[in-house]
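To start, the structure itself, in structure tokens.
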Amino acid sequence: MNCPSYERVTDAYLSGEIESSEWQSHLESCPNCTAKLRSESDFDLIIRHAVNEERLQTRQLEAHVRAAIRKSRTPWHFPLSHGPMLVKLRYGIAATVVLGTLVLATFGYAKGRMDRTAACVDAADDHQEEVISKAPRKWKSNLKDVESLSKRMVGDPSIPERIAPAGYHLIGARVCILHNKNYMHIDYSDGNNEISLFVRHLDSGNGLTRVLAWFASDGEMVERVETFSVGSTQKRDVALVLVSSSPIPDVQKLVEQAANRL
Amino acid sequence: MQFEQLALVHVRALLRAAVRLARDVSIAEDLVQDAMLRAWRHFDRFQPGTNCKAWLFRIMLNCWTTRHQQIRQEAIQFFPEQYADNVPGERRPVTRFTAEEIQNSIDLLNEEYRTVLILFAVEGFSCKEIAEILAIPIGTVMSRLSRARNLVKTDLAKREARYMKAKARI
């Protein structure tokens with residue numbers, strides 16, 4: 001009992017250190033520690049055998065567990081698969097999200113494009129009717145009235161003067177409807193030719209409209225509508241449509257300049 | 001199925017520990033069934049290649065802690081049927097105590113001592129594995145284990161002293 005390691009045998013045995021070469025060589029030369037270690041492990045064996053003496057019937061329990069598992073199977077527990085079902089569920093959700101986003105993007109882009117084309121066609125009609133054909137309409141020609149109308153329609157009174165094409169001066173402004181939306185129609189002239197600019201503050205719309213608007217193109221777009229070149233763009237929450245008899249490249253430039261001044 | 005191959009094979013070990021834990025066979029069976037169902041539902045969280053038995057014991061002990069605390073103090077007698085479940089060829093130390101006496105001594109232990117003793121001596125988990133299963137420091141496992149063994153030894157010694165005293169009277 002004089003061995004200094006004797007008291008440490010239990011701790012070493014419990015912690016698994018007893019397997020180390022240092023302890024193994026000590027145990028080979030120390031009968032006291034060997035006897036204590038044997039006593040410790042024998043005691044655990046006695047406990048083990050005593051506990052294992054108890055008769056335990058597990059067949060019925062296993063059957064119950066299997067039945068309970070079968071009963072508790074949820075739709076994502078597919079019986080034929082072996083892998084974790086949650087992973088498959090996650091992949092399914094991810095695929096649905098990607099597919100949904102693609103559908104929304106396609107639909108949003110197409111809708112945005114159609115809306116702008118429809119507005120451009122209406123703008124060309126208005127330009128023909130109200131500016132070229134001089135149909136009797138009430139125009140606001142006083143600068144203050146035009147600024148007041150601009151403040152109401154797009155939230156900024158200075159826009160009509162700011163976006164005026166170079167060399168053109170303001171003739172008048174009025175409210176009109178393009179593709180079911182209220183626009184401010186502004187008429188400019190350089191003495192020979194007249195240009196119509198239509199502006200509108202973009203409303204936020206409902207949830208779906210907002211989502212679809214993310215995918216709509218807001219860059220400059222110029223197309224030919226009958227005898228006119230019609231350009232459109234969206235910038236800083238303002239939609240802008242420009243109608244002129246000038247060729248498409250000139251109208252493209254005019255739209256860019258106006259958009260930069262918004 | 002993978003679950004049946006990996007998990008259902010441990011039902012006997014779980015039940016053996018559960019009986020000692022609950023000190024009642026029917027409660028132990030309910031406990032094992034609950035644990036197996038919970039393991040099945042969360043089988044996607046089990047990492048293949050890790051110790052499935054330790055994972056199942058962790059689940060069962062969590063079930064026990066959360067669902068059976070109210071009955072664990074009740075003194076319920078277990079069924080002392082004799083059944084040998086020994087590994088063939090394993091060394092069997094000689095003891096003068098019956099299995100029932102040893103089981104009774106284990107059942108007298110506090111739950112925290114009883115749990116670590118069963119996991120270590122009967123189920124063969126290392127102290128490190130027990131620390132992970134019970135989420136306690138390894139030093140606590142070792143001290144509980146040492147204390148549990150001493151308490152069982154002391155109780156058995158008392159039983160023997162009582163027996164010898166009674167025998168001397170005769």
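What list of whole percents do you get for P(r) of region B:96-170, with Cα-Cα distances grouped in 10 Å bins up to the one holding the largest distance?
19, 43, 23, 11, 4, 0
With only alpha-carbon atoms counted, please give the Rg and Dmax of region A:8-71, in Å.
Gyration radius and largest Cα-Cα distance of region A:8-71: 19.8, 61 Å.
May I ask for the Kirkwood hydrodynamic radius of chain A, worked out over all distinct Cα pairs and given in angstroms to one decimal?
About 25.9 Å for chain A.
In terms of Cα to Cα distance under 28 Å, which lysines are near enough to residue A:88, apart from those fewer than 8 places away along the same chain?
Result set, ordered by chain and number: A:71, B:53.
For each of A:161, A:54, count neighbouring Cβ atoms within 10 Å of the residue's Cβ, then give the residues from fewest to most.
The most exposed by this proxy come first: A:161, A:54.
Can you give the net charge of the other residues whose Cβ lies under 11 Å from the Cβ of residue B:140, counting K and R as +1 and D and E as -1?
+1
Which net charge results when you count Lys and Arg as +1 and Asp and Glu as -1 among the other residues whose beta-carbon is under 12 Å from that of residue B:4?
+1
Just name one of A:45, A:171, B:108: the one whose Cα is farthest towards the positive end of the charge dipole of the protein assembly as shown (beta-carbon charges, Lys/Arg +1, Asp/Glu -1).
Of the listed residues, the answer is B:108.
Taking a cut-off of 18 Å between Cα atoms, list the aspartates and glutamates near residue B:153, but don't count ones fewer than 8 places away on the same chain.
A:7, A:11, A:40, A:42, A:44, B:100, B:101, B:107, B:111, B:112
What list do you get for A:33, A:176 if you sort them by fewest beta carbons within 10 Å?
Numbers: A:33 22, A:176 19.
Fewest-to-most Cβ neighbours within 10 Å comes out as A:176, A:33.
Summing Lys, Arg as +1 and Asp, Glu as -1, what charge do residues with Cβ under 14 Å from the Cβ of residue A:140 carry, residue A:140 excluded?
Residues near residue A:140 contribute +1 overall.
No value in this document is a laboratory result; all are computed from the given coordinates. Since the structure is predicted, the reported quantities are computational estimates derived from the model, not experimental observations. Here the Cβ is made from the backbone with ideal geometry for all residues, glycine too, and neighbour counts use every protein chain on show.
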